[in-house]
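The values are calculated or read from the model by the stated rules, or taken from the named source; none is laboratory data. Worth saying up front: this structure is predicted, and the values here are computed from it rather than measured. FYI the Cβ positions are ideal-geometry reconstructions off the backbone, even for glycines, and counts take in every protein chain you see. All accessible areas refer to the heavy atoms of the entire protein, side chains included, with ligands and DNA or RNA removed. Shrake-Rupley method; radii C 1.70, N 1.55, O 1.52, S 1.80 Å.
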Amino acid sequence: MRWLALNGARTAVASRVPWTAVRALCSAAAIAWVLHATPLHAIVAALRQASWPIVLAGMALALLARLAAAERSQVVCRALGLVVSRWQNIETLFISNFYALLSPGPVLGGVVSVYRYSSFGASLSGSIGSLLASRAVEAAVFIIIGTACLLLDRNIALISVRYPLGLAAAGVLAVAAATTCWWLVHQRWMQRGGARAHIRPAGALRAMWHDFMRLGPRMAWRAAIPAAAQVALSGAATCVLARSLGIELSLITAIWVTAAVYAVVLLPISVAGLGVRDLTLIKSLALLGVSSRSAVALSVLLFADPFVNAMIGGALQIRSTIAAARRRRTVPV
């Protein structure tokens, strides 16, 4: 099982090399535009004026948001019957962030998560299903809460954001409609199957699909609670980091700005969000009268969050590797 996950990691990374090069070019072009519009010395000057105790408070909130993300994964794992402890989920989240920074994008980090889950004794299908379900809940909650906060933000004229707002609403409705149709079709199939409703479908992928459709709505609602806490904590972290630079943002504003950055970084058009994160913040905060240099400075502080998480993950990976080596030496031949 672990060999399959490791082989899948190598295949996934190798197959994405050309597309990663395209994403690197997109990030480079976006960064070039940002530096052209905002001189580097102006960004450095804005960072020098930051209140570093407040920056540390913002980073602490961002760390709590990561722990909420780990709790979301724990809820999904428990619902699917995966024997993965809370600490194993926390460790896996940070280690996957470390590998995602080495090979920017969600693929390698996701494959590492699947590999670690399988090393804890979870099935390959269950590991993949848990990862996909957890990521889906996270994306849906971020977009829904972010859109709601944008609608409630009195500082923003909705006419100025009608196009991205309409796109986000259409995407959420399309996903919700598709998920509802799939679930209804599955429920009717289970009812018509009679006695076969209690028989587990053959094959790993069909088993994963069966479990997901059987537990989907209830699992999603339970996982949405820590996901909502993650969104709130991420927004609070953005609010505090902005205040360290002298930018006054309400929590509602900070949440939809954070959701906008999350959605753009999630798209496979950049390397670790470099460039597109800055562009999104420049355009979003310009609606509030914030200068581009302050927006880019905030982007730098926001990028420090995944970097710090990756460093924590690297330390945990070294610790895990050393512990595994010690166990191998103590096993009698």
Problem set entry | Order of exposure, largest accessible area first, which applies to I156, I225, I269 with probe 1.4 Å | I225, I269, I156
Exercise. Measuring with a 1.4 Å probe in the full set of protein chains, what accessible area per residue, in whole Å², belongs to the range 18-131?
Worked result: 45
For this session: State to the nearest 20 debye the size of the charge dipole of the range 256-333 about its Cα centre, where the only charges are +1 on K and R beta carbons and -1 on D and E beta carbons.
Result: 560
Seminar exercise, completed: Under a 1.4 Å probe, counting only protein heavy atoms, W256 has an accessible area in Å², nearest 10, of 20
Problem set entry | Ranked order, R326, R116 - accessible area, probe 1.4 Å, largest first | R326, R116
For this session: Can you work out the PRE-style zone for A37? Point 7 Å along Cα to Cβ, and I want the residues of the range 261-281 with backbone N under 13 Å.
Result: 275-281
For this session: Could you state the accessible area per residue of the range 254-293 in Å², with a 1.4 Å probe and every protein chain left in place?
Result: 37
For this session: Post the alpha-carbon centroid distance, the range 288-303 to the range 239-255, in whole angstrom.
Result: 10
Exercise. Round to a whole number: what % of the accessible area of the range 260-320 belongs to carbon and sulfur, probe 1.4 Å?
Worked result: 74
For this session: Could you order M59, M219 by accessible surface area, starting with the largest, using a probe radius of 1.4 Å?
Result: M59, M219
